[in-house]
Amino acid sequence: MTKIAASAISQSRTADSLTREPRYVLVFDICSSTSILEDLLRSENEKRWRDLIIEMKNFMIRERNNRNFEIYKFMGDGWILLFDIDFPPADLFELLKRLCEKYDAIYKRRIRNVLSIKVNIGLTFGLEKGTLIHFVVNHQKEYIGRAINVAARLQGATKDGDSNPEGKVLMSKAAYHSVRAEISQQYRASTVVRTLRNIAGGEEYHAIKLSLFEDHSQLSVTPTKAAES
């Protein structure tokens, strides 16, 4: 057998392998990203948006190296992050706060002074817990599973009925019950009913909405040293 044939068989076996992995799936989105980018394009300041995205990615890479999670996929105006099921809940929600603070600091430094429109500023989050199927396509890790779809729909639903959705997390009851013991004293949470489109059982979906910041104005306070790094 030639080396090329052996390599092709090896790659095929790798591509055919499937593993099931229990994970927390976090989807987060930048509020008003389309409006911000369109305004920056009109003033020919679109490089500032690119630089913001790069700086956010670099921040997450540093956090990942310290906290061990997976930066799975960039979606144009946000990311999908994956966490092991035993990732400490307190650390997870502290990371979300740090992401909000980091974005707020970058936005003020790179975007605010050149934007001509008023927009909501911040991040919104969807969180679900479930089993993902992991496989490889063209040497790239991929995941499929209901948890990814639900987390994405939850994130999209954070804005429903909320004029100030930034800094808030919408999660399934299963995800909340897994983390409640460690975070319930620190964060305010309430049950809400939302429609999750194209999700089985999503017509009247009972979810938990959590505010990362007790006072919305906290995002305007000088960021922590970690957020400035």
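The values are calculated or read from the model by the stated rules, or taken from the named source; none is laboratory data. Note that this is a predicted model, so its numbers are computed, not measured. Don't worry about glycine lacking a Cβ; one is built from the backbone with ideal geometry, like all the others, and counts go over all protein chains shown. Heavy atoms of the whole protein, side chains included, go into the accessibility calculation; ligands, DNA and RNA do not. Shrake-Rupley method; radii C 1.70, N 1.55, O 1.52, S 1.80 Å.
Please build a GNM for the chain, connecting alpha carbons under 10 Å apart, and tell me which residue among E128, E166, E21 fluctuates the most.
Between E128, E166, E21, it is E21 that shows the largest mean-square fluctuation.
Could you go through segment 59-69 in sequence order and give the Karplus-derived ³J(HN,Hα) for each residue, using 6.51 cos²θ - 1.76 cosθ + 1.60 with θ = phi - 60°, rounded to whole Hz, and x for Gly and Pro?
Computed from phi, the couplings for segment 59-69 are 5, 5, 5, 5, 5, 4, 5, 8, 10, 6, 9 Hz.
When the chain is modelled as a GNM with alpha-carbon springs shorter than 10 Å, which of T158, T124, T191 fluctuates the most?
Top of the fluctuation ranking is T191.
Please give the charge dipole size of segment 152-194, origin at the Cα centre, charges +1 on K and R Cβ atoms and -1 on D and E Cβ atoms. Round to the nearest 20 debye.
On the way: 7 positive and 4 negative charges, 25 e Å.
So the magnitude is around 120 debye.
List the pairs from K102/K173; K47/K159; K97/K159; K57/K141 whose alpha-carbon separation is above 21 Å, in the order I gave them.
Numbers: K102/K173 28 Å; K47/K159 27 Å; K97/K159 18 Å; K57/K141 18 Å.
The pairs that break the limit, which is 21 Å between Cα atoms, are K102/K173; K47/K159.
Pairs of alpha-carbon atoms within less than 8 angstrom and 6+ residues apart define the contacts here; what relative contact order does the chain have, in percent?
Numbers: 360 pairs, mean separation 54.4, N = 229.
Relative contact order here is 24 percent.
So what J values fall out for segment 77-85 if you push phi through Karplus, 6.51 cos²θ - 1.76 cosθ + 1.60 with θ = phi - 60°, rounded to Hz, Gly and Pro as x?
Once θ is set to phi - 60°, the couplings for segment 77-85 become 9, x, 9, 10, 10, 10, 10, 4, 5 Hz.
Quick check: at a probe of 1.4 Å, how many percent of the accessible area of the chain sits on carbon and sulfur atoms? Before the final figure, lay out the partial values.
Working: 5770 of 12140 Å².
Roughly 48 percent, rounded to a whole number.
Given the DSSP H assignment, sum -39500 (n - 2.57) over each helix run of at least 4 residues in the chain and divide by its residue total; what's the result at 222 nm in deg cm²/dmol, nearest 500? Don't skip to the end; give the middle numbers.
Details: 7 runs with 95 residues, N = 229.
Calculated at 222 nm, the ellipticity per residue is -13500 deg cm²/dmol.
Give me the compactness ratio for segment 70-147, meaning the Cα radius of gyration over 2.2 N^0.38 Å. Intermediate values should be presented prior to the final figure.
Values: Rg = 15.9 Å, N = 78, 2.2 N^0.38 = 11.5 Å.
Here the Cα radius of gyration is 1.38 times the empirical estimate.
With the other protein chains left in place, how much accessible area per residue, in square angstrom, belongs to the chain at a 1.4 angstrom probe?
Working: 12140 Å² over 229 residues.
On a per-residue basis, the chain sits at 53 Å².
Using the Kirkwood formula on the Cα atoms of the chain, what hydrodynamic radius do you get, in angstrom to one decimal?
Across the chain, the inverse of the average 1/r is 18.9 Å.
Summing +1 for each Lys or Arg and -1 for each Asp or Glu, what net charge is found among the other residues whose Cβ lies under 13 Å from the Cβ of D91? Each step should come with its number before you reach the end.
Values: positive: R64, R67, K97, R98; negative: E63, D84, D86, E94, E182.
Net charge around D91: -1.
For segment 95-225, taking Cα atoms only, what is the radius of gyration to one decimal and the Dmax to the nearest whole Å?
16.6, 46
On a full-extension model of 0.36 nm per residue, what is the gain between E38 and H177, subtracting their alpha-carbon distance, rounded to one decimal in nm? Could you put the intermediate results ahead of the total?
On the way: separation 139, 0.36 × 139 = 50.04 nm, distance 3.98 nm.
Fully extending the segment from E38 to H177 adds 46.1 nm.
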